[in-house]
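Q: Structure in structure tokens, see below.
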Amino acid sequence: MADIKDIYKNRIREQLSQAGKKSVTYKQLYSKCKGRKPDAAAFARAISEMKREGIIIEGKSGIKLCTAAGLFRAKVSRINRTFGFIERDDGSEVFVPGKFLMGAMPGDIVMARLLPQRGELPEGEVVSIAEEGFAEFTGTIEKDGKTICIRPDTLAKEPMIVSELDVPVRVGDKVLAEIVRRGERHSDHRVRVTAIFGDSKKAKSSADAILYSNGVEVEFPACVLDEAKFAEHRGIPEGETDRRLDLRDEIIFTIDGADTKDIDDAISVSKTDNGWELGVHIADVSFYVKAGSELDKDAMLRGTSIYYANKVVPMLPKELSNGICSLNPNEDRLAFSCLMKLDPEGKLVSYKFSKTVIRSRVKGVYSEINTMLDCIKNGTEIPSELAEKYNGLIDTILLMDELAAILTANKLHRGAPQIDTSECKLIIDENDVCIDVKKRERGRSELIIEEFMLMANTAAARLAKESGVPFVYRIHEDPAPEKVDELIEIVSRMGVAVPHFTSVKPKHLAEILEKTKDMPLAPVVNNLVLRSMAKAKYADEPIGHFGLVLDDYAHFTSPIRRYPDLAIHRILTDLCYNKQPVKYMQKRYAGFAKEAAQQSSECELTAMRVERSCDDCYIAEYMTNHIGETFEGMISSVQEFGFFVELPNTVEGLVRVDTLAKGPYDYDGHFTLLKEGQPVYRVGDTIKVVCAAANVSSGQVDFTVEGDCKQENEDLV
């Protein structure tokens, strides 16, 4: 027998269908649907459930079907200070201006309608909130008279009133809060403070808040730590080395940053009569992290290690990441080695993947090896301490440099765009305060490691594709046509000759970069090309890598800090070491590869967002000590509201239009602000600016043009 609530739902749908676009009051609807045995409670439950399901909507004039009102159901995916995004059931996103959000919070289920589209995404407005999610957010404590408020880090421009306190707070505290009573606007919500991160003027406090608000777990569950400690204590089980290829007598060593503790790759190189033998030896993490273990489940949830400032939130506990899995010098370690043979021109001839045991000769450091290579190139003497540390390895380092140069030339010949990504190095003192920001320089040794890792990653993907086994590939799709059209238009307006093509190839972007590499505009063009390209991601289908111009590519070389690498180690272990048949591999790993690819892609995006946001807070902290100082930089991008200026040390700040000398200013829609029709501020221009403000909590730096400074020396921290 049908539930009375379900009977009511059918009657409600029927009555509202007959009403069409007209609203029916609750009372009228109940009267028409109640039947001979009225049940007001069941009717109310039916109404509530249908609203949650996005079938009906109730407004001031009554109730109607959502389809009749032109409404659709969506989930609020994210909200910024002045706008938000909702996601429809088909996964597509809709942009919602802040005034049309109705106080909705991330996680809420809403009913919305479309508005006339003005930008790239469809635009809409929230009409009602069908189901409230748990609304938790971070912000900074303020006081309005005697009223305690929180100014959210995102979500809204206006502060929210605190109605409950679980902890004592002070003005300026960075806190965690949750909404206890909803209003129709964000500023009408009432909130409870549940935790304090610390002083919002300290980058560390803001970084902790960013980690929390993005769901990053800093601590490991006890069950995960127990497994990690057992693995560390167990070490290399007796007899395990006998089952492996023993490479402990080979010249193998690692090259990393000086502070690196999670060392997961080592290399070996030799020259032969027929070309080269290249070994890339990767920590055998899958030996210690078994499928389905607590370690494995937690690692998949994390997806990747997160690096910011001078800190790391590791994917695996330190007992593994810095301990038994790390390829520390002069210690026996289990590895998964890709052993490759290359012809004299650096082309891959053959390869095999073997479970090995290795012993790294030394912990090589990028800066040290760069120094030695420079000394050799310039004919000067290598510093004695470096000559002693790398005794017996310098000939091998020279071979590595020679082979890497060949591989780099091959990459250029393929037409791979040489994009320079400006990275910063933050100098953090003993009090966890950022005291300097420098541009991170890449030398020969960084390029050597990059080229060798590319070779191993290519071999792994090629083996999987040729074997027909499920796999996690690293893919990079072709740029979207509209992005390419925009790039061509902007670069052409800059006076750069653009190559003619009907379908963009990597070599076309490489040609644009090559033509501008010695021009003042080079950094700007570099960023424009980068923004025109798709984001690389993981997938279980091998569609290739546009940016590297490779048909076969995967991530094999960092299983300590990336889950997709760990995933394919597990697959390759069964394929190469356990010799499992393809049918078994397909049955066991098809679902796993798909899930690992999707989860890893999502985690990577979160990690990138977190790392960037945390670093921004530390950069702003550094700039608080330089308020009022003048800097020379380059205009990196222009928008209607102002333009961004990047300093030589990579610090970027915003010059707002309303701080400029008397306007008005017009934005050309591309890269120029005009005054009375004449270009005044253009992307690529060198300009002197004054640091007007630095907000640690938001990670934002504000500049003013020297001479136009309306807010000079104003500290908005």
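Q: With respect to the cross-link table entries LYS75/LYS202; LYS389/LYS465; LYS425/LYS688; LYS202/LYS261; LYS204/LYS290, which display a Cα-Cα separation exceeding 30 Å? Don't skip to the end; give the middle numbers.
A: Working: LYS75/LYS202 34 Å; LYS389/LYS465 42 Å; LYS425/LYS688 23 Å; LYS202/LYS261 26 Å; LYS204/LYS290 35 Å.
Where the Cα-Cα span goes over 30 Å, the pairs concerned are LYS75/LYS202; LYS389/LYS465; LYS204/LYS290.
Q: Report the label-to-label distance for THR154 and GLU132 in nanometres (one decimal), using points 7 Å from each Cα along the Cα→Cβ vector.
A: Distance between label points: 2.1 nm.
Q: In debye, nearest 20, what is the charge dipole magnitude of the stretch 517-575 about its Cα centre with +1 on Lys and Arg Cβ and -1 on Asp and Glu Cβ, if you could check? Let's see the in-between values first.
A: Numbers: 7 positive and 7 negative charges, 76 e Å.
With only Lys, Arg, Asp and Glu charged at Cβ, the dipole is about 360 debye.
Q: Quick one: putting +1 on the C-beta of Lys and Arg, -1 on the C-beta of Asp and Glu, what dipole do you get for the stretch 4-65 around its Cα centre, in Debye to the nearest 20?
A: Its charge dipole is roughly 180 debye.
Q: Same structure, new question: Projected onto the charge dipole of the chain (+1 at Lys/Arg Cβ, -1 at Asp/Glu Cβ, origin at the Cα centre), which of GLY468, PHE643, SER360 gives the Cα projection farthest towards the positive end?
A: GLY468
Q: With a cap of 16 neighbouring Cβ atoms within 10 Å, and only residues DSSP puts in a loop, list the trypsin sites (Lys or Arg not before Pro) found in the stretch 36-114.
A: When the trypsin sites (Lys or Arg not before Pro) of the stretch 36-114 are filtered for loop state and at most 16 Cβ neighbours within 10 Å, ARG36, LYS60, ARG81 remain.
Q: A further question follows. Taking N as the number of residues in the stretch 467-589, what is its alpha-carbon radius of gyration divided by 2.2 N^0.38 Å?
A: On the way: Rg = 19.2 Å, N = 123, 2.2 N^0.38 = 13.7 Å.
Rounded to two decimals, the normalised Rg is 1.40.
Q: Additional query: Mind checking the dipole of the chain: about its Cα centre, +1 per Lys or Arg Cβ, -1 per Asp or Glu Cβ, Debye to the nearest 20? Display every interim value, and only then the final one.
A: Working: 96 positive and 114 negative charges, 754 e Å.
The dipole of the chain has a size of about 3620 debye.
Q: If you don't mind, there's one more thing I want to ask. Of the trypsin sites (Lys or Arg not before Pro) in the stretch 477-541, which ones lie in a loop per DSSP and count no more than 15 other C-beta atoms within 10 Å? Provide the component values of the computation, followed by the final result.
A: Working: sites: LYS483, ARG493, LYS507, LYS515, LYS517, ARG531, LYS535, LYS537; in loops: LYS517, LYS535.
Hits after loop and neighbour filter: LYS517, LYS535.
Q: Rounded, prolate or oblate, given the Cα gyration tensor of the stretch 627-705, with a/c below 1.5 counting as rounded?
A: Numbers: a/c = 1.83, a/b = 1.62, b/c = 1.12.
Since a/c reaches 1.5 and a/b is larger than b/c, the shape of the stretch 627-705 is classed as prolate.
Q: Something else: Can you list the DSSP H helices in the chain whose Cα atoms extend at least 20 Å along the helix axis and whose mean Kyte-Doolittle hydropathy is -1.0 or higher?
A: TM-like helix candidates: 394-414, 444-467, 582-623.
Q: Moving to a separate point now. Where in the chain lies the longest segment free of chymotrypsin sites (Phe, Trp or Tyr not before Pro) that are both loop residues by DSSP (not H, G, I, E, B) and have at most 13 other Cβ atoms within 10 Å?
A: Values: sites that count: PHE134, PHE501, PHE641.
With chymotrypsin sites (Phe, Trp or Tyr not before Pro) excluded where exposed in loops, the chain gives 135-500 as its longest stretch.
Q: While we're looking at this one, here's another question. Once phi is turned into θ = phi - 60°, what whole-Hz ³J(HN,Hα) does the Karplus curve with 6.51, -1.76 and 1.60 give for every residue of the stretch 661-667, x standing for Gly and Pro?
A: 3J(HN,Hα) across the stretch 661-667, in whole Hz: 4, 3, x, x, 10, 10, 9.
Q: Which value in deg cm²/dmol, rounded to the nearest 500, describes the helix-derived mean residue ellipticity at 222 nm for the chain, given -39,500 (n - 2.57) per DSSP H run of n ≥ 4 and division by the residue count? Write down the numbers at each step before the final one.
A: Numbers: 16 runs with 225 residues, N = 717.
Theoretical 222 nm ellipticity from helices: -10000 deg cm²/dmol.
Q: Sticking with this one: Scan the stretch 296-402 for GluC sites (Glu not before Pro) in coil per DSSP, keeping those whose Cβ has at most 15 other Cβ atoms within 10 Å, and list them by number.
A: GLU331, GLU345, GLU381
Q: Still on this structure, please answer the following. Could I have the simple spin-label model distance between HIS670 and LYS37, label points 7 Å from Cα toward Cβ, reported in nm to one decimal?
A: According to this spin-label approximation, the distance is 7.4 nm.
Q: Residue separation times 0.36 nm, minus the C-alpha to C-alpha distance between ASP436 and VAL349: what's the value?
A: Values: separation 87, 0.36 × 87 = 31.32 nm, distance 4.68 nm.
My answer for the length gained is 26.6 nm.
Q: A further question on this structure: Given axes a ≥ b ≥ c from the Cα gyration tensor, I'd like to know whether the stretch 373-477 is rounded (a/c under 1.5), prolate (a/b larger than b/c) or oblate.
A: Cα axes put the stretch 373-477 in the oblate bin.
Q: Order these by the 10 Å Cβ neighbour count, fewest first: SER367, SER384, SER321.
A: SER384, SER367, SER321
Values in this text are rule-based calculations from the coordinates and carry no lab data. Predicted model only: the values in this text are computed from it and were never measured. Note: ideal-geometry Cβ built from the backbone for every residue, glycine included; neighbour counts use all protein chains shown.
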